[in-house]
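What follows is a short report on a single structure.
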Amino acid sequence: MAEQGRVITYTDAGVEALREEMRRDPSIVYIGQGIGPRGGNFRQSRGLWKEFGDERLRDTGICELGATGVAIGAAMAGSRAIVDEVFLDFALEAITQIVQQAANICYMSNGKIKAPVLVRGAMGAVRNAGAHHSHTFYNWFANTPGLKVVVPATPYDVKGLFKTALRDPGPVMFIEHKFLYNTKGAVPTEEYLIPFGEARIVRPGSDVTIIATSRMVELTAKAGALLEKEGISAEIIDPRTIVPLDRAAITNSIKKTGRLAAIDESPSTCSFAAEVLAIAAEECFDSLKTPPKRICSLPVPNPFSPVLENQMIPSVERIASEIRALVKK
Amino acid sequence: MTEAIAEQKDLALLLDYYRRMLELRLFELKVQELYRNARLPGFVHLYVGEEASGVGVCANLKPEDLIFSTHRGHGHAIAKGVPAKVALAELWGKTTGCSGGRGGSMHMYAPEYGFMGTNGIVGAPIPLATGGALSAKLRKSGQVVVGFFGDGAVNSGSFHEAVNMGSVWDLPIIYVCENNLYATEMAFSRATKNTSVASRAAAYGLPGVVVDGQDVLAVHRAAKEAIDRARSGGGPTLIECKTYRYVGHHEGDPGTDYRTKDEVEQWKKNDPIKRAAKVLLEAGLADEKKLKEVEAEVVQLMEDAVTFAENSPEPLASSVTDHVF
Ligand SMILES: Cc1ncc(C[n+]2csc(CCOP(=O)(O)OP(=O)(O)O)c2C)c(N)n1
Ligand SMILES: [Mg+2]
């Protein structure tokens, strides 16, 4: 299915989903910096302002805390809101509104108030932007009850998951990866939605299960292709949504292969990779033939120097060599 | 001191200021060239057009005074005394850079020159600078602190919270807003209905002044008065420098989608370096030959900086985990 359709960028897949959903649902308002006439710092809202205008595309000054609170409040009061933090790093300015207000409101109001808000931001390292613009803390939100967390890795997934997110009672953290914005992939012209909590098998395999998210999916797939040539068959799984999580896809695979690695651009401590290993320990302990492995960024702020940043973040070579060692154990 | 004598005294500083502004300008143009030729990694926001602000303020500071800067901070770093070659080496990701190559454009730190950092987070330096001033006051160090920020930052909560604290605690700080009319593509008048930054001072009960940010002596006078007051315990000041960036928001942004060519040209006519040169020539404080000499020296300084940075070593990959704590 994913192989059919036109080839478009990750960015454009998101724009398409937004356009279709904003046409379908007139209650959607989109708030953020530079998302109006400019069409988004990453071109992630290109063309939308022309169609929907200032009324529904609300450009703001630099005020993430306020803008995010406004979006959440609008959502509580009956609109559906998207707030674009642009860089996920800037969601930190707004985190009290996300974690204290949006995440808690449904539960605390005994289910009476929903906040159908989508918080959008792009994470990860790209072009040596340095520590302030490269964070990968999607896992923090997964540790906050009340937030759904989406981390699409392909144009196909961006579009299908965006559309689901814009119909979800929310709140949803929709976390893209800056590095992926210019990547291309096939996206069908006809409408489709991808349900939350459904993993994608990136490649089937029998020797080792590898769980990867976001940009790491692509690097892991490359490592998987290298390993295939050496006779190591890796099953690569992209959960696509961290909350809700497709635990069955992960555990079924581990039970089949008996080996596990989790690849993560976040550092390993309290990471999503750590969660995957915990699930394996709890649910697949007897199936594991070798100790599972986290392959993560080193625990340092993203250095500017390309030499240092390349050392920090898992590379195709590092993933391949660690998997090799794991399988040979 | 009569007006005339004061003016004479200021004029005596102008050649030095001219040179300093030229340093900032030629540094940025060199960075632009290197960046466009894909020699430098990362991304950069250049200070071209805004030099009078950084120079007019920093020239009145002592080496031990502190400044906290922004994403557009190379000029502030050099104005505070960070050698051009050390700044350039940082932009090149080399070990000889002020952050050893770990920081890059938006994370340059040189406390040895009282330079407490550029910053990738808009608004963040304002509370940090306020904290620096609180510490100076508590330690009775006699230091004055300057927090630089753009017009974009004044609509953030950080500005409101920090300036209010600086004022209520009478801290030795100068808040310098470099109002270049745009935050990325967002015109200040689209972001707020009160486009006078200086008038916001009234909300916090501190003096607010507007200056022509393209006139280095005007900036100098406003800064000197504020710095002297802060140093003598008279509390903070908010200075709004009206200025303009000739270049795009960052290298890669042509800067023409949201501004007219005419607007950019008008501002270029009011260039702070050209204006300083004109005054120097008219007042007979320098002749064409002298100005050319100064320029040649600064050009050489930048060439030396390139040689230094280019030939400096890259960090060792194995050092990646150093300095986390
Ligand atoms: C908290 C935060 N939000 C957004 C950004 C993205 N950003 C970087 S610079 C900038 C514009 C800043 O404008 P201004 O403060 O006027 O400074 P100028 O660029 O004009 O010098 C924006 C929005 C950021 N770095 N930090
Ligand atoms: Mg500005």
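The values are calculated or read from the model by the stated rules, or taken from the named source; none is laboratory data. The structure presented is a predicted model; accordingly, all values stated were derived computationally and were not measured. Cβ sites come from the backbone with ideal geometry, for glycine too, and all protein chains shown count toward neighbours. Note: areas computed on protein heavy atoms with side chains; ligands, DNA, RNA excluded. Shrake-Rupley method; radii C 1.70, N 1.55, O 1.52, S 1.80 Å.
Of the trypsin sites (Lys or Arg not before Pro) in segment A:94-157, the ones in a loop by DSSP (not H, G, I, E or B) with at most 14 other beta carbons within 10 Å are A:LYS112, A:ARG127. Count Lys and Arg as plus one, Asp and Glu as minus one, and take only other residues whose Cβ is under 13 Å from that of A:ILE28; the net charge is then +2. Under 5 Å between amide hydrogens, built in the peptide plane, is the criterion, and for B:HIS71 it picks out B:ASN119 among residues at least 5 positions away or on other chains. As a rough guide to protection, the peptides B:306-314, A:34-42 ranked by mean Cβ packing within 10 Å, highest first, stand as A:34-42, B:306-314. In loop segments of segment B:1-42 as defined by DSSP, the trypsin sites (Lys or Arg not before Pro) with at most 16 further C-beta atoms inside 10 Å of their C-beta are B:ARG39.
Of the solvent-accessible surface of segment A:79-151, computed with a 1.4 Å probe and all protein chains present, 53% belongs to carbon and sulfur.
How big is the gap, in Å, between the Cα center of segment B:166-190 and the Cα center of segment B:245-290? Each part's Cα centre sits 22 Å from the other's. Ordering B:48-58, A:214-224 by mean Cβ neighbour count within 10 Å, with the highest value first, yields B:48-58, A:214-224. The loop-placed trypsin sites (Lys or Arg not before Pro) in segment A:247-308, going by DSSP, that have at most 15 neighbouring Cβ atoms within 10 Å of their Cβ come out as A:LYS289. Counting Lys +1, Arg +1, Asp -1, Glu -1, what net charge surrounds A:VAL83 among other residues with beta carbon under 11 Å of its beta carbon? Charge balance in the 11 Å sphere: -1.
Annotation for segment B:127-162 versus segment A:212-257: alpha-carbon center distance of 48 Å. Largest GNM mean-square fluctuation among B:VAL168, B:VAL44, B:VAL219, using chain B with Cα springs under 10 Å: B:VAL168. Within the assembled protein chains, the solvent-accessible surface assigned to A:PHE285 is about 140 Å², based on a 1.4 Å probe. For segment A:6-187, the square roots of the Cα gyration tensor eigenvalues, ordered a ≥ b ≥ c, give a/c below 1.5, which places it in the rounded category. For the chain pair A and B, buried accessible area totals roughly 2500 Å², probe 1.4 Å, rounded to the nearest 100. Estimated at the nearest 10 Å², the accessible area of A:ASP59 is 30 Å² with a 1.4 Å probe. Averaged over the residues of peptide B:34-44, the number of Cβ atoms from other protein chains lying within 10 Å of each residue's Cβ is 2.
Which of A:VAL15, A:VAL70, A:VAL29 ends up with the largest GNM mean-square fluctuation for chain A, with Cα atoms connected below 10 Å? Its mean-square fluctuation being the largest, the pick is A:VAL70.
Looking at the protein assembly as shown, send over the antiparallel percent of its DSSP beta bridges, to the nearest 5.
Given both bridge residues lie in the protein assembly as shown, the antiparallel proportion sits at roughly 20 percent.
A cut-off under 12 angstrom between Cβ atoms defines the neighbours of B:THR195, and their net charge, with Lys, Arg +1 and Asp, Glu -1, is +2.
Partner shielding of A:51-62 amounts to 3, given as the average count of beta-carbon atoms from other chains within 10 Å of each residue beta-carbon.
For chain B, hydrophobic long helices are taken as DSSP H runs at least 18 Å long by C-alpha position along their axis with mean Kyte-Doolittle hydropathy of 0.5 or more; these are B:125-138. Provide, for q = 0.07, 0.08 Å⁻¹, the log10 of I(q)/I(0) from a solvent-free Debye sum over equal Cα point scatterers in the protein assembly as shown. Here the Debye-derived log intensity ratios amount to -0.50, -0.65. GNM on chain B, C-alpha springs below 10 Å: top fluctuator among B:LEU13, B:LEU171, B:LEU280? Its mean-square fluctuation being the largest, the pick is B:LEU13.
Rounded, prolate or oblate: pick one for chain B, where a ≥ b ≥ c are the square roots of the eigenvalues of its C-alpha gyration tensor, a/c under 1.5 means rounded, and failing that, prolate if a/b is larger than b/c, else oblate. Here chain B falls in the rounded category. Inter-chain Cβ neighbour count for B:93-104, averaged per residue, equals 5 (cutoff 10 Å, partner chain atoms only).
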